[in-house]
Amino acid sequence: MNGVQARRLLWPLLALTASAATALTPTLTPAAHAAAPTNLGSAVDNTPHGWQVDDLGNGRYAVSWTSPKSLPLSSDRPTIVGDDLAFGSPTIGADGRTVTAVVTADQAPTPTDLDVVLSGDRLDEAGFDPGVGTVDDTVPRRVTTELDASDPGKPGPYATVTSDYEWEPLKVAGMKEPIEMVGHVVEPAADAPTGPRPLVLFLHGRHSVCYNPVDPDDWGDDSWPCKAPLEEIPSQLGYDYIQQTLASQGYATVSIRVNGINAQDWQLPDGGSDARAAVVRAHLDRWVDLAAEHQVDLDQVILVGHSRGGEGVDRASIQIPATAPYRIAGQVLLAPVDFAWHTAPYVPTLTVLPYCDGDVYDLQGQRFTDVGRDIAKDDTSLKSSVLVMGANHNFFNTEWTPSTAAAPSWDDWGGDADATCGRKHPDRLSPQGQRKVGRAYVAGAVHLFTGDDSYLPMYDGSPVTVDSIDDAYVLSHAVNGGRDERRPGSQARPTIATGDADARLCNGIASWSAASFAICGRNNQNVTPHWPMDGEAVPTRKFLEFSWQSAGATGGLRFDTPLDLSSDRLELRTIADPAFASPEVQVRITDGSGQSAVLEPLAGTQPQALPEVPGATKLWATTVIVDATGAGGVDLTDITAVDLVAGSPEGHVWIADVAAAPDVLPAAQTQRLPQLRVKSVQVDEGTGGTKVARIPFTITGKVTAPARFSVFTAGQQRGQVQRLVVDVAPGQKSGTIPVTYEADDQWGYDQQIQVALWPMSGIATDDYLGELFVVEDDPAPTFDIDAPASVREGETITIKVTMSSPIALDQYLWAQTVRTRGEDLRGTDVPAKWLSTHGNASDASRPLWKLYVGLYGQIRAGRTSAKLELPTFDDQRAEGAEYVALKVDLGNGEAQRFRIKVVDND
């Protein structure tokens, strides 16, 4: 008999990913996945290699998968998915290989029905999913005209100079090692007559951090800082080609390095966005002292962020107050992540989306445009998205591009080389071609955000191009920026469809299943940047869904308040279903008296179905533009309805919004919204069933009008997951969020319940993730283990494990055969069928410990004992005594060994 003290399992803070649904996950070590389950509840038997499902009780299951090799250091995060299951956001283990998430379900998920998806590819399945198969057709191109302004991708008149600085490293919360303060400066020569120079700051994204200059296969041991002979990858140098162009045009530029964050952000719940924002602010604070020397105008600062750097600079834009000694005049986000589903109100924002992004595969950066227009009612800042056909994620940075990078680098898009987005497809951009687009569109946005409206057509859906991008194909659309918009549902209702057609409102959600007609993306196998997947607990928006089966059919929107098109053009952000050819449509406008006119869209702005890539086709809105000035007899100041008139025999589209759009931007805004920050709370569990704790939030800045945010909690028992909306009153500075949890008088887990906040209106989120940590305060039971000293051949070896008191969850038991002295019990000494399920039965003549034979069992919740059994086989042969040794592991860090003699009957 042996008494063993059980340990309480602690749950780490989860990391939020692209999925908005959050949950709490227990720590699962690599050894547990490689060999046997630990006491994380009852494990599901016979799971595929690498998978583990653990029953946490009360309908909650921890699901984990361990990769045979380290997960790539990329911007996106691996996510566990399964049909009709809403998994919480995963954590990445300290081993860099294990992905874990929690789900609430009626029964244990079946691993064969689950996948681990990273950048659109199933990591647990061989091959590369996006782009499998060959698509013969190239992208049909819309008509474009040359921009009526100087080409922003061409060098300006000024000579440039380059320098680098390195300051004292910055200590950042949540990171053990300080972050380097390194900057690469490119600016006009000191004597160049530029006048005050706006400052453009570049922030790279998440990429590998160390390399060996003489051995491309040596990436080190993932330790940080880099250890000799390894050197740091100079990711900050990757935008020098844009910096040189901007500097020649009169701008001061600096590109900063954050390898220290990339090496450590796996442990941060927000993916490191707050840390990146802190480093951006620290550099800008130092530039206050440098501004005069470099002739810098700090009232015009443009932030450019790539990948996770995109969310980092956006977080900085949210945090920087109007009273700061510098002003963010705009931001450019290249292939960004947006784990937080937020954007910076009042800050003009361009988001560049590469169609062939193999890293941020879901183009989640679209949220910066769609969410951005909703948060502040008086926000007139432009929010634009640019879709670059044939572009991937990495090639915007020369240090992430083969042939130009100092360190080994790669093309982030995989799949067939000849397929759409494959490197040999005619529509795939070369690295040089992609850099030309990056240079032109970043520089054009910098010109636009510093006051030159002649560059607006590059970003507002107009069918224009510039000579410097050669034949690259780029699409765009915009919201805000002085538009008077009508959105389906809140400001507009469907008109009565005519002809063989249907027009209805749908909720902007996508689902892999054939879900209700109430959602837009039913049975969807495409990438839906405008729509979250079913199960993500984030605010959603309505769209108009219009389908038809005959030419001449109509359907559209009737407005609650009329649009004025007397001086503005009409825009419709329209998603075309790729299951049909790009449709031909006309647009009918109707005034308050019933007078109407049917108009042709501007050449090059018909709805466009985007190229089909198996598993990776994008449903993304292009802009239908109409000049209504020639609509005789219609009161253009009183447009009450807009309809599409089908010119094609069939088609299917969704309309995101309708707007009257000016051709110049409104005046820049300097105000900022108050910022919401949620905190974390730790409480003792106590007793008494369902309890309520209150999670505090604070508000920085002044709330001057009613505001609203939504809350999602996860990690609770089935039926207790919360989704609620919180209203904030003018002048309010703090508040609390009620969170329920279960308290009992039995030993179990610590509970960690996460609280995620999403902005809706009148307020911005900064620290948007909090937690309730419920500490298990019941006494842990002890274990007694009773094993026989000997059994006779043919009898079953039975080890009984007894707990001193019942607990609130299943307890998993495990015993492993190990080497011992004397003649070993072999595979031929146990039943063959039993051996096949408890070890390696390939050579039964070997000892059990060489066949990795293990025993497992469970003590069910509320009970106190269970048995581990090893049956022996009477072979009817005379032989000496045999022995088996078992190491019994209760998952508490201790193990007990037993040597059992098997006595021959003959």
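When Asp217, Asp378 are ordered from fewest to most other Cβ atoms inside 10 Å of their Cβ, what list results?
Asp217, Asp378
Roughly what would the spin-label model give for Val818 and Glu612, points 7 Å off Cα along C-beta, in nm?
So the label points at Val818 and Glu612 sit 5.9 nm apart.
Ile496 versus Asp904, label points 7 Å from Cα toward the beta carbon: distance in nm?
Rounded to a tenth, the inter-label distance reads 9.7 nm.
Between Arg286 and Thr323, take the C-beta separation as r, use R0 = 25 Å, and let me know the FRET efficiency to the nearest 0.05.
Computed FRET efficiency for Arg286 and Thr323 comes out at 0.85.
Any idea what angle helix 431-449 forms with the longest principal axis of the chain, computed on alpha-carbon atoms, 0 to 90 degrees, nearest 10?
It is inclined by approximately 60 degrees.
Please work out the Cα center distance from segment 645-669 to segment 338-417, rounded to the nearest Å.
22
Under 12 Å between alpha carbons, and skipping anything fewer than 8 positions from Lys901 in its own chain: which aspartates and glutamates qualify?
Within the straight-line limit of under 12 Å, Lys901 reaches these aspartates and glutamates: Glu793, Glu795, Glu823, Asp824, Glu882.
For helix 308-319, what angle does its Cα long axis make with the longest principal axis of the chain, in degrees from 0 to 90 and rounded to 10?
70
Over segment 484-661, what is the relative contact order in whole percent, taking alpha-carbon pairs under 8 Å and six or more residues apart?
Once normalised by length, the contact order is 32 percent.
What length, rounded to one decimal in nm, is gained on full extension from Lys702 through to Asp564, with 0.36 nm per residue of separation minus their alpha-carbon distance?
Computed gain between Lys702 and Asp564 is 46.3 nm.
From Cα pairs below 8 angstrom and at least 6 apart in sequence, can you work out the relative contact order of the chain, rounded to a whole percent?
12
Between Ala878 and Glu177, what is the label-to-label distance in nm when each label sits 7 Å out along the Cα-to-Cβ direction?
7.0
Students often get this wrong, so try it: which of (1) 76, 68, 65; (2) 87, 69, 64; (3) 107, 67, 60 is Cα extents along the principal axes in Å as calculated from the structure shown?
Label (3) holds the value from this structure.
How far is the Cα center of segment 195-246 from the Cα center of segment 732-749, in Å?
44
Counting other C-beta atoms within 10 Å, and keeping those with at most 11, which DSSP coil trypsin sites (Lys or Arg not before Pro) do you find in segment 360-465?
Lys377, Lys424
Report, in degrees rounded to the nearest 10, the 0 to 90 angle that the Cα long axis of helix 273-290 makes with the longest principal axis of the chain.
50
Would you be so kind as to identify which of Ser680, Ser804, Gln432 lies farthest towards the positive end of the dipole of the chain, taking Lys and Arg as +1 and Asp and Glu as -1 on Cβ and the Cα centre as origin?
The one lying farthest along the dipole's positive direction is Ser804.
Under a point-charge model restricted to the Cβ atoms of Lys and Arg (+1) and Asp and Glu (-1), what is the dipole moment magnitude of the chain relative to its Cα centre, in debye to the nearest 20?
The dipole magnitude comes to about 1520 debye.
For segment 484-661, with only Lys/Arg (+1) and Asp/Glu (-1) charged at the beta-carbon, what is the dipole magnitude about the Cα centre, in debye rounded to 20?
Rounded to the nearest 20 debye, it is 420 debye.
Which ³J(HN,Hα) values, rounded to whole Hz and listed in residue order, are derived for segment 156-173 from phi using the Karplus coefficients 6.51, -1.76 and 1.60 in 6.51 cos²θ - 1.76 cosθ + 1.60 with θ = phi - 60°, glycine and proline given as x?
With the stated coefficients, segment 156-173 comes to x, x, 9, 5, 10, 10, 10, 8, 9, 9, 9, 10, 4, x, 9, 7, 10, 4 Hz.
Using a Förster radius of 35 Å, what is the FRET efficiency between Asp453 and Ala579 based on their Cβ-Cβ separation? Nearest 0.05, please.
FRET efficiency, Asp453 to Ala579: 0.35.
For segment 692-772, which trypsin sites (Lys or Arg not before Pro) are both in a DSSP coil and crowded by at most 13 other Cβ atoms within 10 Å?
Lys702, Arg718, Lys733
Using +1 at the C-beta of Lys and Arg and -1 at the C-beta of Asp and Glu, which of Trp747, Gly701, Gly715 has the Cα lying farthest in the positive direction of the dipole of segment 684-806?
About the Cα centre, the residue reaching furthest to the positive side is Gly701.
Restricting to bridges with both residues inside segment 795-906, how much of the DSSP beta-bridge set is antiparallel, in percent to the nearest 5?
95
Report the gain in length on full extension from Trp512 to Thr687: 0.36 nm times residue separation, minus Cα-Cα distance, nm rounded to one decimal.
Value of the extension gain: 58.8 nm.
Less than 18 Å from a label point 7 Å out along the Cα-to-Cβ axis of Arg792: which backbone N atoms in segment 798-829 qualify, by residue?
Counting backbone N atoms under 18 Å from the label point, the list is 798.
What does the extension gain come out to for Ser223 and Glu168, with contour length at 0.36 nm per residue minus their alpha carbon separation?
17.7 nm
Considering the options Ile242, Gly271, Met760, tell which one lies farthest towards the positive end of the dipole of the chain, charges being +1 on Lys and Arg and -1 on Asp and Glu at the Cβ, about the Cα centre.
Met760
For segment 675-775, with only Lys/Arg (+1) and Asp/Glu (-1) charged at the beta-carbon, what is the dipole magnitude about the Cα centre, in debye rounded to 20?
580
Need one number: % antiparallel among DSSP beta bridges in the chain, to the nearest 5.
Antiparallel bridges make up about 80 percent of those DSSP assigns within the chain.
Rounded to the nearest 500, what is the chain's calculated 222 nm mean residue ellipticity when only DSSP H runs of at least 4 contribute -39500 (n - 2.57) each, over all residues?
-2500 deg cm²/dmol
Throughout, read-outs are computed from the coordinates displayed, never taken from laboratory work. Predicted, not measured: the structure shown is a model, and the values here were computed from it. As a convention, Cβ positions derive from the backbone with ideal geometry for all residues, glycine included, and neighbour counts pool all protein chains shown.
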